[in-house]
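Worksheet: the structure to be examined is printed underneath.
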Amino acid sequence: METLEKKSVAEDPILEEAFMTRLLNGEKIEPKEWMPENYRKQLTRMMSQHAHSEVIGMQPEANWITRAPSLLRKVILLAKIQDEGGHGLYLYGSTETLGTDRSELIEQLHEGKAKYSSVFNYPTLNWADIGAIGWLVDGAAIVNQTMLAKTSYGPYSRAMLRICKEEGFHNRQGYDLMIAMMRGTKEQQEMAQDAMNRWWWPALMMFGPHDKNSSNTIELMKYRIKLESNDDLRQQFIDRTIPQAEIIGLTIPDPNLKFNKETGHYETSDINWDEFFNVIRGKGPCNKQRMHNHIQAHEEGKWVREAAEAYASKHKQL
Amino acid sequence: METNQKKDSQWKVWEVFVQSKTGASFTHCGSVHAPDKEMATQYARDLYTRRSEGRSIWVLPAEDIVATQPTEAASLFDPADDKIYRHPQFYKFPKGIHM
Ligand SMILES: [Fe+2]
Ligand SMILES: [Fe+2]
């Protein structure tokens, strides 16, 4: 089963070599099997960061539930946000198989020791932002998660397969919303373009720093936790998204954008990395609010968790 | 804001198995945290069958599951390797006979 007690096996070069051979053969690693401490550490860091992102990511979208323009758009948005909460739970469950329990992971988030994706620190300023998030943010997530479905750790891979199935809905409802806006009034088209302008760059940043500046990537790829690099994944997203924007009349907010006929890829301006690192360091527009809301909801729900526990143990005695 | 003065209860872990359609095996699909079996089934329903993926759910406390260790694999499973006569393909018959 996918639960285990933390094992403190000293690093052993023979075991490590056998482990690396298993990875090269494309085998999946399961919770109770031997793994290098560093593999366990990198996975716990990455998977918990992923879980936190799913849950914190519910906030920017929840901002628009009460103001959705129709009942259909409202139930779609509710279902989408519920899925994201579910993704968080799948991922916390998978992370726990590495030996750290959920309360500890959430504690790390609240103490600022664990990160979540910087994209969720941007505000949702108009209704078209909901379309832009589904289309661009979930679209970027799909590229990343399709790769992660092939990751070397069994429970992570299985959680990703489940998540990928649901992301198709997220991505399409977002694009569908953008189409509706672009078919609307001039004001609605401007709202859609405004959302595009604000979410394009944060979506590209979701893939993380350039390969040459990403120390984690090398180790993650060595362990086959990640199978493709940040820059390669970002390029896939760019190439598939630009035609989708153009066909509905949206402009990519990049004056240097061009299509390179020889390589078959789009070329963009460089990302504003100062902004990226600023947001990661907590200076994004909504970092404080996101953490505050999470901590508050967690504390306010405490009595419910305790009451349910008390009820359960009382019924056991009867 | 103060957090976690007391160790927070996240409830115990239950493993979830879902049967996707009539006649199918129950398949492990993940876990939930819940204080009792009623809430474990409810959470499992909300978490793993939002798109009619199931028609029946099993939940059981993760701590009650007995699992073999990967280190025992050889002693448990290798003895089956040389018993090829357990497979129907072991038995060859003259041409023209249909089984
Ligand atoms: Fe998600
Ligand atoms: Fe999503």
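The values are calculated or read from the model by the stated rules, or taken from the named source; none is laboratory data. Here the structure is a predicted model, which is why all the values come from computation and not from measurement. So basically every Cβ, Gly included, is an ideal-geometry build from the backbone, and we count neighbours across all protein chains shown.
With the stretch B:8-99 as the region, which strands (runs of 3 or more DSSP E) entirely inside it contain at least 2 residues that are surrounded by fewer than 17 Cβ atoms within 10 Å (Cβ to Cβ) and modelled with pLDDT of 95 or more? Output list reads B:26-34, B:56-61. Among the helices (runs of 4 or more DSSP H) confined to the stretch A:199-318, the ones with at least 1 residues that are loosely packed, with under 14 Cβ neighbours inside 10 Å and within 14 Å of another protein chain (Cβ to nearest Cβ) are located at A:287-300, A:302-317.
Go through the stretch A:159-191 and report how many residues are within 15 Å of ligand 1 (Cβ to nearest atom) and either within 14 Å of chain B (Cβ to nearest Cβ) or in contact (Cβ under 8 Å) with a residue 60 or more places away in the chain (or both). Residues meeting the conditions: 13. Report whether or not A:Lys222 is basic (Lys, Arg) and in contact with an Asp or Glu (Cβ under 7 Å, 6 or more places away or on another chain). No: the conditions fail for A:Lys222.
This table checks each residue for (1) over 30 Å from A:Lys316 (Cβ atoms); (2) among the small types (Gly, Ala, Ser).
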| residue | (1), (2) |
| --- | --- |
| B:Thr22 | yes, no |
| B:Ser25 | yes, yes |
| B:Ser31 | no, yes |
| B:Pro35 | no, no |
| B:Val59 | no, no |
| B:Gln69 | yes, no |
| B:Asp82 | yes, no |
| B:Gln89 | yes, no |
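Just one of (1) among the acidic types (Asp, Glu); (2) more than 13 Å from the chain's Cα centre (by Cα); (3) within 14 Å of ligand 1 (Cβ to nearest atom) fails for A:Asp138. It is (2). For the stretch A:137-184, filtering for residues that are among the small types (Gly, Ala, Ser), in a helix (DSSP H, G or I) and farther than 28 Å from B:Phe17 by Cα leaves 4. Filtered by the rule that a residue be more than 9 Å from ligand 2 (Cβ to nearest atom) and either over 21 Å from A:Gly26 (Cα atoms) or within 14 Å of chain B (Cβ to nearest Cβ) (or both), the stretch A:133-151 gives A:Trp135, A:Leu136, A:Gly139, A:Ala140.
Of all the numbered requirements in (1) over 30 Å from A:Glu300 (Cα atoms); (2) without any contact (Cβ under 8 Å) to a residue 40 or more places away in the chain; (3) more than 8 Å from chain A (Cβ to nearest Cβ), B:Ala67 misses one, and that requirement is (3). Among the residues of the stretch B:10-51, the ones that are more than 11 Å from chain A (Cβ to nearest Cβ), closer than 20 Å to A:Arg158 by Cβ and hydroxyl-bearing (Ser, Thr, Tyr) come to 2 in all. Just one of (1) within 14 Å of ligand 2 (Cβ to nearest atom); (2) surrounded by 19 or more Cβ atoms within 10 Å (Cβ to Cβ); (3) within 15 Å of the chain's Cα centre (by Cα) fails for A:Ile76. It is (3).
Here is a yes/no grid of residues against (1) hydroxyl-bearing (Ser, Thr, Tyr); (2) assigned to a helix (DSSP H, G or I):
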| site | (1), (2) |
| --- | --- |
| A:Arg40 | no, yes |
| A:His52 | no, yes |
| A:Ser94 | yes, yes |
| A:Leu98 | no, no |
| A:Leu105 | no, yes |
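Scanning the stretch A:198-222 for residues that are over 25 Å from A:Thr241 (Cα atoms), touching a Leu at 6+ places or on another chain (Cβ under 9 Å) and charged (D, E, K, R) returns a single hit, A:Lys222. Got at least one residue in the stretch A:60-71 being over 23 Å from A:Tyr175 (Cβ atoms), within 13 Å of ligand 1 (Cβ to nearest atom) and in contact with a helix residue (DSSP H, G or I) (Cβ under 8 Å, 6 or more places away or on another chain)? No; the residues of the stretch A:60-71 include none that is over 23 Å from A:Tyr175 (Cβ atoms), within 13 Å of ligand 1 (Cβ to nearest atom) and in contact with a helix residue (DSSP H, G or I) (Cβ under 8 Å, 6 or more places away or on another chain).
Residues in the stretch A:77-95 that are in contact with a Pro (Cβ under 9 Å, 6 or more places away or on another chain) and more than 7 Å from every other protein chain (Cβ to nearest Cβ): A:Ser94, A:Thr95. Please verify whether A:Asp101 is at pLDDT below 95 and either within 16 Å of ligand 1 (Cβ to nearest atom) or more than 12 Å from chain B (Cβ to nearest Cβ) (or both), treating the condition exactly as stated. No.
There is at least one residue in the stretch A:53-61 that is farther than 30 Å from A:Gly184 by Cα, more than 14 Å from every other protein chain (Cβ to nearest Cβ) and within 12 Å of ligand 2 (Cβ to nearest atom). When A:Leu23, A:Leu91, A:Leu15 are checked against the criterion of being aliphatic (A, V, I, L, M) and in contact with a helix residue (DSSP H, G or I) (Cβ under 7 Å, 6 or more places away or on another chain), A:Leu91 stands alone in meeting it.
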